[in-house]
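A.B. asks: So that we are looking at the same thing, I have put the structure below in structure tokens.
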């Protein structure tokens with residue numbers, strides 16, 4: 001499959017997973033992510049992989065965790081309603097530190113909403129959707145090519161940091177077709193699963209390395225692993241104390257925060273010489289490109305800060321940029337979610353102008369341009 | 001296995017000090033073709049072994065263990081046929097047996 | 001620790017070191033004593049499960065126990081095999097992913113009736129339909145014990161539980177009926193009293209290819225038995241002894257548990273059909289010329 005293709009974002013996402021070594025997909029049909037499942041169902045049998053259509057999204061999330069413990073790279077894909085169903089088992093994946101990739105091609109919500117039209121209303125849910133205390137990694141592709149590239153990145157990050165990694169796509173990216181280059185397998189850097197370096201009788205499944213991430217044995221290798229969603233110690237045994245909980249959860253949180261520099265990916269343009277910076281992600285960032293060009297043509301000093309990783313949020317960068325500019329403009333297809341994060345980090349140093357849209361369509365680019373022109377005054 | 005267990009008992013967080021396997025030394029009783037063993041500290045007085053022994057070999061003794069459970073005693077060792085029911089039923093792995101090696 | 005054949009020899013000839021319990025080496029001693037109440041059937045069932053796993057001859061490094069939430073679910077944490085304690089109701093789909101990724105593993109799901117048939121009901125029926133090669137052991141104590149004795153989908157009519165203080169009026173499931181209906185290739189029900197039958201049923205289920213289901217009735221002395229004045233765990237075990245009837249040829253829809261009535265037990269279904277893995281292998285063979293995994 002190496003080479004140039006004209007495919008949509010969902011298909012590109014599936015192909016990216018295959019390049020990354022994914023050989024297990026468990027999913028459930030849901031617009032606009034169904035094409036990811038369909039592509040996997042066609043491709044995996046040729047590659048000795050397994051496609052299984054589970055009975056619901058809860059089962060899909062559980063199955064990809066099981067497959068990961070069996071040693072297979074695994075993925076599922078869904079949209080808003082299914083994403084909500086996956087939340088409990090996403091928490092299990094985080095707590096047991098199970099690498100896998102979860103794709104959400106967002107659509108307009110809440111509830112059944114507009115199944116066939118775009119939304120970006122799940123961005124806060126990506127961060128806070130499961131119960132309890134945790135950190136998450138979420139990537140937002142802005143093109144079918146990125147849908148492929150960032151899926152490979154997601155698999156690598158999930159193995160490096162041992163947790164489920166989210167791809168927060170949207171219906172526009174999922175359904176638009178563009179030129180996509182599928183790289184040659186030997187040209188792609190794949191992060192290998194971190195295997196135990198000690199024999200089974202010395203192995204502790206949740207004893208971290210210096211980067212706070214433990215090595216991962218898989219089932220059937222004589223390591224006699226123990227995993228549980230309960231708060232646990234280094235052996236994987238449940239320990240019902242506040243001290244054990246503090247120790248474990250702090251490490252789960254810190255392993256992301258401490259390694260933020262390795263995780264955060266941004267696309268910046270002219271942010272060092274700007275009065276207004278447009279901060280966006282996903283398909284909104286594509287629409288905003290027109291507004292940024294037009295504003296510059298009108299002489300406005302506009303910079304671009306595109307979030308490729310949305311979580312963890314790039315607090316330091318936003319804080320630093322805020323000190324030098326008048327305003328951020330944050331277009332997103334929701335009622336202002338990431339704009340709240342921008343506002344939090346701007347800390348009053350710059351104004352934050354949200355350009356919301358309840359969903360169902362992309363912004364009229366003029367609205368973004370108007371927001372820029374107003375913000376610069 | 002004991003040394004392995006000692007290593008694991010290192011210092012995982014939140015692990016209270018538990019009595020090691022040494023505290024659970026069995027009481028061993030000879031029976032016609034083998035031996036019965038009872039680890040008193042494990043018993044929770046459920047009564048299954050006593051009730052389901054087909055030869056009524058066992059009874060509750062007057063003795064209690066450290067947790068206050070009355071433990072079984074071998075009343076009629078000579079009646080034991082080593083059927084293995086007591087071993088099979090015990091929920092706490094507190095009673096078990098062995099056959100003597102065939103000569 | 002691939003010592004199944006050695007352990008098997010010990011268990012079958014009955015000659016072992018009397019200074020320690022022969023099953024101790026398969027149990028995480030640093031997690032003992034287990035949490036189950038005096039008189040609970042789970043300890044006995046755990047004992048039987050260990051014996052059965054060893055007797056089945058399976059490679060002990062390839063055994064994976066997957067459990068859900070509840071008293072039965074704690075079993076995964078006590079075994080010296082790969083143990084996965086997952087979320088409530090979701091042991092079966094997790095086990096499905098594990099088994100499909102690793103057909104070489106022997107994946108055994110052990111959970112309670114609430115976990116497998118209420119919250120987990122949808123997953124049960126689909127894994128049965130697909131005939132995923134899993135051994136599913138369901139410990140049925142007629143209530144949700146861990147959370148304080150609330151009613152479950154198998155609570156008999158008129159039984160008192162923490163959430164049916166005036167007597168349950170919902171019709172309970174017959175679990176063997178559901179298992180057979182969704183295509184399980186082996187369906188059996190026994191009780192903790194019938195521990196030898198439990199062992200042989202589990203051995204058979206482990207050795208059999210396909211979705212095998214073993215229901216084991218178990219006393220819950222702290223809640224179900226106490227609330228329904230059924231006595232101690234021992235009293236309930238004696239009740240199972242006196243009030244069960246083995247009937248292999250029976251209408252499975254009629255064998256849900258009733259208060260004070262006879263419990264029908266036996267091996268009800270034992271058949272063969274292609275497993276999910278067999279069918280995936282067939283598909284993969286068409287393209288790659290080889291199945292995913294050789295048997």
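A.B. asks: Tally the residues that are at pLDDT 95 or above and within 14 Å of chain A (Cβ to nearest Cβ), restricting the search to segment C:266-277. Full working, then the answer.
C.D. replies: First, the residues of segment C:266-277 that are at pLDDT 95 or above: C:266-276.
Add one more test, that the residue is within 14 Å of chain A (Cβ to nearest Cβ), and what stays is C:275-276.
The qualifying residues number 2.
A.B. asks: Only one of C:48, C:43, C:39 is crowded, with 22+ Cβ neighbours inside 10 Å, part of a loop (DSSP other than H, G, I, E, B), within 13 Å of chain B (Cβ to nearest Cβ) and at pLDDT 95 or above; which?
C.D. replies: C:39
A.B. asks: Right, next: Please tell me if residue A:126 is outside any strand (DSSP E or B), touching a residue at least 60 places away in the same chain (Cβ under 8 Å) and crowded, with 22+ Cβ neighbours inside 10 Å. Can you show your working first?
C.D. replies: Numbers: outside any strand (DSSP E or B): yes; touching a residue at least 60 places away in the same chain (Cβ under 8 Å): yes; crowded, with 22+ Cβ neighbours inside 10 Å: yes.
Spelling it out, residue A:126 is indeed outside any strand (DSSP E or B), touching a residue at least 60 places away in the same chain (Cβ under 8 Å) and crowded, with 22+ Cβ neighbours inside 10 Å.
A.B. asks: Another question about this same structure. Residues of segment A:17-62 being in contact with a helix residue (DSSP H, G or I) (Cβ under 6 Å, 6 or more places away or on another chain), surrounded by fewer than 23 Cβ atoms within 10 Å (Cβ to Cβ) and assigned to a strand (DSSP E or B), which ones?
C.D. replies: A:51
A.B. asks: Something else: What number of residues within segment C:221-265 are away from every other protein chain (no Cβ under 14 Å), closer than 15 Å to residue C:161 by Cα, in a helix (DSSP H, G or I) and out of contact with any strand residue (DSSP E or B) (no Cβ under 8 Å at 6 or more places or on another chain)?
C.D. replies: Going through segment C:221-265 one residue at a time, the tally reaches 1.
A.B. asks: Would you say residue A:217 is out of contact with any helix residue (DSSP H, G or I) (no Cβ under 6 Å at 6 or more places or on another chain) and in a loop (DSSP other than H, G, I, E, B)?
C.D. replies: yes
A.B. asks: Identify all residues within segment A:38-77 that are farther than 18 Å from residue A:158 by Cα and within 18 Å of the chain's Cα centre (by Cα); write none if there are none. Walk me through how you get there before you give the answer.
C.D. replies: Initially, segment A:38-77 is screened for residues farther than 18 Å from residue A:158 by Cα, giving A:38-59.
A:57 - this is the single residue of segment A:38-77 that is farther than 18 Å from residue A:158 by Cα and within 18 Å of the chain's Cα centre (by Cα).
A.B. asks: Separate question: What number of residues within segment C:14-36 are more than 7 Å from chain B (Cβ to nearest Cβ) and at pLDDT below 95?
C.D. replies: Residues flagged as more than 7 Å from chain B (Cβ to nearest Cβ) and at pLDDT below 95 within segment C:14-36 amount to 2.
A.B. asks: Here's something else I'd like to know. Answer yes or no as to whether residue B:19 is at pLDDT 95 or above, more than 14 Å from chain A (Cβ to nearest Cβ), loosely packed, with under 13 Cβ neighbours inside 10 Å and out of contact with any strand residue (DSSP E or B) (no Cβ under 6 Å at 6 or more places or on another chain).
C.D. replies: Values: at pLDDT 95 or above: no; more than 14 Å from chain A (Cβ to nearest Cβ): yes; loosely packed, with under 13 Cβ neighbours inside 10 Å: yes; out of contact with any strand residue (DSSP E or B) (no Cβ under 6 Å at 6 or more places or on another chain): yes.
Spelling it out, it is not the case that residue B:19 is at pLDDT 95 or above, more than 14 Å from chain A (Cβ to nearest Cβ), loosely packed, with under 13 Cβ neighbours inside 10 Å and out of contact with any strand residue (DSSP E or B) (no Cβ under 6 Å at 6 or more places or on another chain).
A.B. asks: Of the residues that sit in segment B:56-85 and are under 11 Å from the mean Cα position of the chain (by Cα) and more than 23 Å from residue C:31 (Cα to Cα), which one is surrounded by the fewest Cβ atoms within 10 Å (Cβ to Cβ)?
C.D. replies: Taking segment B:56-85 first, the residues under 11 Å from the mean Cα position of the chain (by Cα) are B:71-73.
Remaining after also requiring more than 23 Å from residue C:31 (Cα to Cα): B:72-73.
Working: B:72: 26, B:73: 17.
Step by step, filter segment B:56-85, then rank; the result is B:73.
A.B. asks: Another question, then. Go through segment A:91-110 residue by residue and tally those that are touching a helix residue (DSSP H, G or I) at 6+ places or on another chain (Cβ under 7 Å), surrounded by fewer than 24 Cβ atoms within 10 Å (Cβ to Cβ) and under 28 Å from residue A:175 (Cα atoms).
C.D. replies: 1
A.B. asks: A further question follows. Being buried (at least 16 other Cβ atoms within 10 Å of the Cβ), within 24 Å of the chain's Cα centre (by Cα) and in contact (Cβ under 8 Å) with a residue 24 or more places away in the chain is the filter here, so list the residues in segment A:207-227 that pass it.
C.D. replies: Within segment A:207-227, A:208, A:212, A:213, A:214, A:216 qualify.
A.B. asks: Only residues that are crowded, with 20+ Cβ neighbours inside 10 Å and under 13 Å from residue B:29 (Cα atoms): list them for segment B:86-103, please.
C.D. replies: B:95, B:96, B:97, B:98
A.B. asks: Sticking with this one: Within the bounds of segment A:215-227, is there any residue that is under 23 Å from residue A:311 (Cα atoms) and more than 9 Å from every other protein chain (Cβ to nearest Cβ)? Steps first, please.
C.D. replies: Here is the first cut: in segment A:215-227, the residues under 23 Å from residue A:311 (Cα atoms) are none.
No: zero hits.
A.B. asks: Residue B:69 fails exactly one of the following numbered conditions: (1) under 28 Å from residue C:197 (Cα atoms); (2) within 8 Å of chain C (Cβ to nearest Cβ). What is the number of that condition?
C.D. replies: Every condition holds for residue B:69 apart from (1).
A.B. asks: Would you mention how many residues in segment A:254-282 are in a helix (DSSP H, G or I) and on the phi > 0 side of the Ramachandran plot? Explain how you work it out, then say what you get.
C.D. replies: Our first condition is that a residue be in a helix (DSSP H, G or I); within segment A:254-282, this holds for A:254-257, A:260-263, A:271-273, A:282.
If we keep only those that are on the phi > 0 side of the Ramachandran plot too, we end up with A:282.
Final tally of qualifying residues: 1.
A.B. asks: Right, next: Looking for whichever is assigned to a helix (DSSP H, G or I) and more than 13 Å from chain C (Cβ to nearest Cβ) here; the options are A:148, A:65, A:85, A:92. Which one fits?
C.D. replies: On the way: A:65 fails: more than 13 Å from chain C (Cβ to nearest Cβ); A:85 fails: more than 13 Å from chain C (Cβ to nearest Cβ); A:92 fails: more than 13 Å from chain C (Cβ to nearest Cβ).
That would be A:148, the only listed residue that is assigned to a helix (DSSP H, G or I) and more than 13 Å from chain C (Cβ to nearest Cβ).
Yes/no per residue for (1) within 11 Å of another protein chain (Cβ to nearest Cβ); (2) at pLDDT 95 or above; (3) in a strand (DSSP E or B):
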| residue | (1), (2), (3) |
| --- | --- |
| B:51 | yes, yes, no |
| B:59 | no, yes, yes |
| B:62 | no, no, yes |
| B:78 | no, yes, no |
| B:93 | yes, yes, no |
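A.B. asks: Okay, next question. Could you check segment B:30-42 and list, in sequence order, the residues that are within 9 Å of chain C (Cβ to nearest Cβ) and in contact with a strand residue (DSSP E or B) (Cβ under 8 Å, 6 or more places away or on another chain)?
C.D. replies: Within segment B:30-42, B:34, B:35, B:36, B:37, B:39 meet the criteria.
The values are calculated or read from the model by the stated rules, or taken from the named source; none is laboratory data. Keep in mind it's a predicted model, so treat the numbers as computed, not measured. All Cβ positions, even for glycine, are placed from backbone atoms using ideal geometry, and neighbour counts span all protein chains on display.
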